[in-house]
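Trainee: After the structure tokens below, expect a handful of questions from me.
The values are calculated or read from the model by the stated rules, or taken from the named source; none is laboratory data. Predicted, not measured: the structure shown is a model, and the values here were computed from it. Positions of Cβ are generated from backbone atoms using ideal geometry, with glycine treated the same way; all protein chains shown enter the neighbour counts. In case anyone asks, the SASA skips ligands and DNA or RNA and just uses the protein heavy atoms, side chains included. Shrake-Rupley method; radii C 1.70, N 1.55, O 1.52, S 1.80 Å.
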Amino acid sequence: MLLSQPSVPQLAAIAAISAVGSAVNSIAGGGTLLTFPALLALGVPPVSANATSTLALWPGSLASMWGYRRELVGAERWALRLAIPSILGGGIGAALLLATTDEQFRALVPWLVFGATVLFAVQGPVMKRLRARASATPTGVIARPINPTTGMLIAQFAVGIYGGYFGAGAGIVMLAVFGLMGLTNIHQMNGLKNFNGICFNGIAAITFAIMGQVNWPIGVVMAVGSSAGGYLMSGLAQKVPQAWVRNAVTAIGFASAIWLFASKS
């Protein structure tokens, strides 16, 4: 059952958490690992919490995409072709979530949060390897093949399904997949990641809204907080040590997973 009349303190708390989550996304990613457990702690049912978090953080993702728009120059063909499996996968992932009962999703949630936290924790080493690979091939924006192959489109389709279903950790999965696809420019890979993220998250958010799974009083407040956090941090994102943010989010993610496992038993 959705919360119908959240209190002012609850709305203030979730707005602040959304602002921090969006700021974290601007710096290092992983904002969902903050907002999703917070919604569960407020008493929002798991499926609705995931749907509301997806919709509320989407404006921040759009702002992040806008910040990387110049990095997509030269990769427009990849962006457009990968957008199709991202949208299709996001729609299927959203449909799968809607077909999952709160009881079933509640059982999956601790594992999803734990797995997403592990993905987030290994993002640093993966990014380091990708940057080393990029510095070894400084010329050329995208390595061969010039166009995404069928296998690459299928891989992005799978990422889109996961992103539409839960989403946390989808960014690192995309970066790893892009590296396997032959992309070498880490900035354009981030641009493609952000673009495809708004694709599968966008279609998922629309689906959740149409099907009535979004808690609108909380979702609107979260969207305002998310937009404010993303905007205020846009100029500071490069000045904050990412290692600090990463360690904090990883600790919160594992703590949330432990709390979820404990509360389930």
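Trainee: Probe radius 1.4 Å, ligands and nucleic acids left out: which of 103, 71, 76 has the largest accessible area, and how do the rest follow?
Mentor: Descending order: 103, 76, 71.
Trainee: Could you sort 189, 152 by accessible area so the largest value comes first, with the probe set to 1.4 Å? Mind showing how you got there, number by number?
Mentor: On the way: 189 0, 152 25 Å².
So, going from the largest accessible area down, we get 152, 189.
Trainee: Give me the one-decimal nm value for the distance between modelled label points at residue 261 and residue 98, 7 Å along each residue's Cα-to-Cβ direction.
Mentor: 3.4
Trainee: Oh, and also: Taking 30 Å as R0, compute the FRET efficiency from the Cβ-Cβ separation of residue 7 and residue 232 and round it to 0.05. Intermediate results must be reported in sequence, preceding the final value.
Mentor: Working: r = 25 Å, r/R0 = 0.85.
With a Förster radius of 30 Å, E is 0.75.
Trainee: If you don't mind, another one. Sort 193, 128 by heavy-atom solvent-accessible area, probe 1.4 angstrom, most to least. Before the final figure, lay out the partial values.
Mentor: Details: 193 40, 128 150 Å².
Ranking 193, 128 by accessible area, largest first, yields 128, 193.
Trainee: Also, I was wondering about something else. Compute the Cα gyration tensor for the stretch 7-52, then decide on rounded, prolate or oblate, letting a ≥ b ≥ c be the square roots of its eigenvalues: rounded whenever a/c is under 1.5, prolate when a/b is larger than b/c in the other cases, and oblate in all that remain.
Mentor: Details: a/c = 2.89, a/b = 1.37, b/c = 2.12.
Oblate.
Trainee: Here is a further query. If you roll a 1.4 Å probe over the stretch 1-111 with all protein chains in place, what percent of the accessible area is carbon or sulfur?
Mentor: On the way: 3300 of 4890 Å².
In the stretch 1-111, the share of accessible area belonging to carbon and sulfur is 67 percent.
Trainee: Label-point separation (nm) for residue 107 and residue 149, each offset 7 Å from Cα along Cα-to-Cβ?
Mentor: Inter-label distance under the simple model: 3.9 nm.
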